[in-house]
Amino acid sequence: MSWWTPQLAAILWAMFQALVILLGAVLLGAVLTVVERRLLGLWQDRYGPNRVGPFGSLQLIADMIKIFFKEDWIPPFADRSLFVLAPVIAFASLLLSFIIIPITPGWGVSDLHIGLLFFLAMAGINVYAVLLGGWASGNKYALLGALRASAQTLSYEVFMGLSLMGVVALAGSFNLRDIVAAQQDLWFIIPQFFGFATFLIAGIAVTHRHPFDQPEAEQELADGYHVEYSSMKFGMFFIGEYVGMLLVSSLIVTLFFGGWHGPWLPPILWFAIKTGFFLMLFILLRAALPRPRYDRVMSFGWKICLPLTLINLLVTGAVILLVTPNA
Amino acid sequence: MELAFYLSGLVAVLATLGVITGTSPVHSVVYLIVSLIAVALVFFALGAPFAGALEIIVYAGAIMVLFVFVVMMLNLRSDTRTDQPWLHPRQWLGPATLALVLLVAIMVLLARGSPGTLIDGELLTARSVALTLFGPWLMVVELSAILLLAALVTASHVGRRNNPLHKRKRGGNP
């Protein structure tokens, strides 16, 4: 067995990990759609989907069968190539971001040393999914949703990057493994509370989750940018939203809550528990909050969150220089 | 790395050709985004991932969104008629001659350059970029920051709601 070298084994192991994380992210995204509906039902004092299988557990399979066998319709007035491209961008850009997330000390796809910047780049590309999808649909509601989405995402991405720079300054690295290692003794939620608060808000806004789902507000826009999409193309937008939720939750855990660190339990469990907590928070926010007006959303982003992140970054830098003047 | 360099360079050239040959404005902008991402990959292949990431975040992720935004707002459809006058030799002869001079210059430079330059160099991390920017080039960084601030103030001044210029046009409407 001369071909079985340690190098080949390492490559195969890395590929296996990447595959498991990829499939895990997609599957969890799909499962979350049902979990969200059940939890919304619970919190809003109604049943939710409980008919298919015991306690509604087979609802996911029913949904998948439905979505796969629906007619995959492209409107004749749509711009075909961009119409097909948009959901692919929506799905792929978010999935690719999972590359940088270290799940446990031994698990994770890649140790990019520009880790966080890679996430920001993918978030930047993700805007085009909504923008192009809305434009290519040739529908005015879709176009309005796309314009709203691009304005909102641009505004919130500005301070999303800034809110993370405090963490980067404290850890001294863009690499997420270094950031997790730097939180061995103290989670960054404590020195970077404002960074956490603004990143949470920006994360919700960038994934277009409620209460920042202006681009697809049902009452005004009849579903916004994906109003013309059906079947699996809609499915990609739909699952992509939940994959985005999963991504932002795991990023929050990695950046502010010590990643896999925690007493007694194995690292993978700690990571899962913390991520699950933030997924629940995302769903609870949707269950509990009304949708704000669009101009309020924009002015909140620019007038409150952006100055807050700038001041946070300034104070963080000053404190770091005070504590370690020779660094 | 060399293969990645040449492949992404090829994609960048083809995508840029798509930009100027396409008739639909939105398609052209999408080609331009692809071209920028390909250039970012060229940076990655050259061992400057920081520059590559910034290329995607700033150019592909922010500036091009504004381009797409404006093209959508103007609702331009594919229209070849407006291009016809531009194809007249009188229009493109001057710029083409100037571009030809540049092409000759770069050809001469490439022919004279050392052929042994390798694509694999040392890795330029965020740390080294930051130390260069905020060390010897600090003055330039500060000056460009002031320039951007001035642009911001100007934009906010021009766009403010009770701008006297707007007031005159709308007949006293605030």
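The values are calculated or read from the model by the stated rules, or taken from the named source; none is laboratory data. Values in this document were obtained by computation on a predicted structure and should not be read as measured data. Counting neighbours? That spans all protein chains shown, and the Cβs are built from the backbone with ideal geometry, glycine included. Heavy atoms of the whole protein, side chains included, go into the accessibility calculation; ligands, DNA and RNA do not. Shrake-Rupley method; radii C 1.70, N 1.55, O 1.52, S 1.80 Å.
Residues whose amide H falls under 5 Å from that of A:Ser230, counting only those 5 or more places apart or on a different chain, are A:Trp73, with hydrogens built in the peptide plane. Couplings 3J(HN,Hα) of region A:107-112, computed from phi: 10, x, 7, 8, 9, 5 Hz, in residue order, whole Hz [Karplus 6.51 cos²θ - 1.76 cosθ + 1.60, θ = phi - 60°; x for Gly and Pro]. Can you find, among A:Leu58, A:Leu284, B:Tyr31, the residue sitting farthest towards the positive end of the charge dipole of the protein assembly as shown, where Lys and Arg contribute +1 and Asp and Glu -1 at Cβ? Checked the options; the winner is A:Leu284.
Mean-square fluctuations from a GNM of chain A, with a 10 angstrom spring cutoff on Cα atoms, peak among A:Gly53, A:Gly24, A:Gly134 at A:Gly53. Going 7 Å from the Cα of A:Ala18 toward and past its Cβ, which residues in region B:4-42 have a backbone nitrogen under 12 Å from where you end up? So the set is empty, nothing qualifies.
Using a Gaussian network model of chain A in which every pair of alpha carbons under 10 angstrom is joined by a spring, one finds that among A:Leu313, A:Leu289, A:Leu170 the greatest mean-square fluctuation is at A:Leu289. 3J(HN,Hα) along region A:39-45, derived from phi through the Karplus expression 6.51 cos²θ - 1.76 cosθ + 1.60 where θ = phi - 60°, amounts to 5, 4, x, 4, 6, 9, 6 Hz, with x in place of Gly and Pro. Heavy atoms of the protein only, probe of 1.4 Å, neighbouring chains included. What is the accessible area of B:Val68 in Å², nearest 10? Taking all protein chains as shown, B:Val68 has close to 0 Å².
When the Cα positions of A:Gly29, A:Phe77, A:Gly48 are compared along the charge dipole of the protein assembly as shown, A:Phe77 comes out farthest toward the positive end, with charges on each C-beta of Lys, Arg, Asp and Glu. Computed from phi, the 3J(HN,Hα) profile of region A:4-12 under the Karplus parametrisation 6.51, -1.76, 1.60 (θ = phi - 60°) reads 8, 9, x, 5, 4, 4, 5, 5, 4 Hz, with x in place of Gly and Pro. With each run of n ≥ 4 DSSP H residues scored as -39500 (n - 2.57), what mean residue ellipticity at 222 nm is computed for the protein assembly as shown after dividing by its residue count and rounding to the nearest 500 deg cm²/dmol? Helices in the protein assembly as shown give a 222 nm mean residue ellipticity of -22500 deg cm²/dmol. Taking each residue as 0.36 nm, the span from A:Trp4 to A:Trp264 lengthens on full extension beyond its C-alpha to C-alpha distance by 89.9 nm. The heavy atoms of B:Glu142 present about 90 square angstrom of accessible area, all protein chains included, probe 1.4 Å. What's the Kirkwood radius of region A:106-152 in Å, using all Cα pairs? The Cα-based Kirkwood calculation yields 12.3 Å.
Counting Cβ atoms of other protein chains within 10 Å of each Cβ in A:125-136 and taking the mean gives 4. Placing a pseudo-label 7 Å from each Cα along the Cα-to-Cβ vector at A:Ile65 and A:Val31 gives an inter-label distance of 2.1 nm. Per-residue mean of foreign Cβ neighbours for B:47-59 is 4 (Cβ atoms of other chains, 10 Å radius). Which of these, A:Leu143, A:Leu285, A:Leu200, has the largest mean-square fluctuation under a Gaussian network model of chain A (Cα springs below 10 Å)? Top of the fluctuation ranking is A:Leu285. Dipole check for the protein assembly as shown: with +1 at the C-beta of Lys and Arg, -1 at the C-beta of Asp and Glu, and the Cα centre as origin, the magnitude is about 1440 Debye. Across the alpha-carbon set of region A:1-94, the Rg to Rh ratio works out to 1.16, Rh being the Kirkwood radius. The fraction of accessible area contributed by carbon and sulfur in chain A is 73 percent, rounded to a whole number (1.4 Å probe; ligands and nucleic acids excluded). Exposure here means at most 16 other Cβ atoms within 10 Å; with chymotrypsin sites (Phe, Trp or Tyr not before Pro) in a DSSP loop as sites, the longest stretch of chain A lacking them is A:78-263. Across A:Ile201, B:Ile106, the residue with the most accessible area heads the list, and the full order at a 1.4 Å probe is B:Ile106, A:Ile201.
Shape analysis of the protein assembly as shown based on the Cα gyration tensor places the equivalent ellipsoid semi-axes at 36, 32, 27 Å, largest first.
Scanning chain A for trypsin sites (Lys or Arg not before Pro) in DSSP loops with at most 11 neighbouring Cβ atoms within 10 Å leaves A:52-292 as the longest stretch between them. Magnitude of the charge dipole for region A:83-213, about its Cα centre and with charges confined to Cβ atoms of Lys, Arg (+1) and Asp, Glu (-1), is about 380 debye. Think of the protein assembly as shown as having a plus end and a minus end, set by charges on the Cβ of Lys, Arg, Asp and Glu; of A:Leu322, B:Leu14, A:Tyr141, A:Tyr141 sits farthest toward the positive end of this dipole. Spin-label model, B:Leu152 to A:Arg51: label points 7 Å out along the Cα-to-beta-carbon direction sit 5.5 nm apart. Accessible surface calculations at 1.4 Å, restricted to protein heavy atoms, place region A:218-327 at 49 Å² per residue.
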